[in-house]
Amino acid sequence: MDEYSGAAAGYSLRRLSSTYTGSAIKVQDNVGGATLDVGFDSYGELDTSAIVAYGGSNDVFVETWYDQSGNSNNAVQATSSSRPKIYDGATGAVVMENGKPAVKFDGVNDALNSTSNVSMPLNNTIAIVAQGTSTTTDEVFNINGTAGVNIRIQQGQYKLLYSDLDQSFIASATNNQFLVFAGRQSSSDTVYGSIDGGAQLADTSYPSSSWNTATAKIHIGARGGTSLQWDGKVQEVIYYESDELTNRTGIEENIGGYYD
């Protein structure tokens, strides 16, 4: 976010901005011990050694995923049984995907929800790194929390949905880590999307007159935080209340270069 500033929210297990001085996540073990804020190591990566030392033989879950955008719009879960997993006490290992730490959502009731609202303007952009294990309809990212006018990315065929305008990315990517970069451009009433830095797809059939610009919370791992729970992992979520499509290649190369 140094090069591409202005994000409304940014959640990651790496440091996204050189000016961000806070922690990456707040965690708690499955026995209800004291919570722990986990920051970054000298390379800007998640301090996994701190999690291992804290967890021991106990599982560890994410209570808060801190927003690194500077807007303090953290994604939280107050209910301990609905928190995604970051560390397995039986194996003594941090949850990983493709060699990088990941947050594991159980597909049953896990979700993290932003503490305040973001807007859904006519111009907006999303970048997400995740991995899904299900072929059913579940949602890794959602704003607005309804089945109608909202922004969401779902499993199955990894679809980007803008107010029920379906934009399928790939036929099947179950169990594969993926990067989705997507956005809406009001000047041409077009929804764009790409996966893993590939060809950019576009759908120009979306009318701006139908767009809902109301504010709503960000939900990671479920629709509205309560349904269509994501079965899989999430490593990074960045949301812009602006059109960043001209920066698509640069943003994808930065994210893809880290997550390989």
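The values are calculated or read from the model by the stated rules, or taken from the named source; none is laboratory data. In this text, all values refer to a predicted model and were calculated from it rather than measured experimentally. In case anyone asks, the SASA skips ligands and DNA or RNA and just uses the protein heavy atoms, side chains included. Shrake-Rupley method; radii C 1.70, N 1.55, O 1.52, S 1.80 Å.
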Query - For Ser186, residues with placed amide H under 5 Å, excluding near neighbours - result: Asn123
Query raised in the report: What residue among Val62, Val140, Val52 has the largest mean-square fluctuation in a Gaussian network model of the chain, using Cα springs under 10 Å?
Result: Val52
Query raised in the report: Under a GNM of the chain (C-alpha, springs under 10 Å), which listed residue has the highest mean-square fluctuation: Gln185, Gln229, Gln154?
Result: Gln185
Report task. Report ³J(HN,Hα) in whole Hz for each residue of the stretch 176-187, in order, from the Karplus equation J = 6.51 cos²θ - 1.76 cosθ + 1.60 where θ = phi - 60°; Gly and Pro get x. Result -> 9, 5, 9, 10, 10, 10, 9, x, 10, 10, 6, 4
Report summary line: The answer for the chain, accessible area per residue at 1.4 Å probe in Å², is 38
Query raised in the report: So which aspartates and glutamates pass the test for Lys233, namely a Cα distance under 15 Å, with those fewer than 8 places away in the same chain ruled out?
Result: Asp88, Glu97, Asp106, Asp110, Asp138, Glu139
Requested in this report: Using a/c under 1.5 as the rounded threshold, could you call the stretch 1-135 rounded, prolate or oblate? The axes a ≥ b ≥ c are square roots of the C-alpha gyration tensor eigenvalues, and prolate needs a/b larger than b/c, oblate otherwise.
Outcome: prolate
Query raised in the report: Cα gyration tensor of the chain, axes a ≥ b ≥ c as square roots of the eigenvalues: rounded (a/c below 1.5), prolate (a/b > b/c) or oblate?
Result: prolate
Requested in this report: May I ask for the angle, rounded to the nearest 10°, between helix 248-259 and the longest principal axis of the chain, with both axes built from Cα atoms and the value confined to 0 to 90°?
Outcome: 20
Query - Max mean-square fluctuation residue, GNM over the chain, Cα-Cα springs under 10 Å, options Asn98, Asn58, Asn123 - result: Asn98
Report summary line: Note, the stretch 41-48: 3J(HN,Hα) by Karplus (6.51, -1.76, 1.60, θ = phi - 60°), whole Hz, Gly/Pro = x, goes 8, 5, 9, x, 9, 4, 7, 5
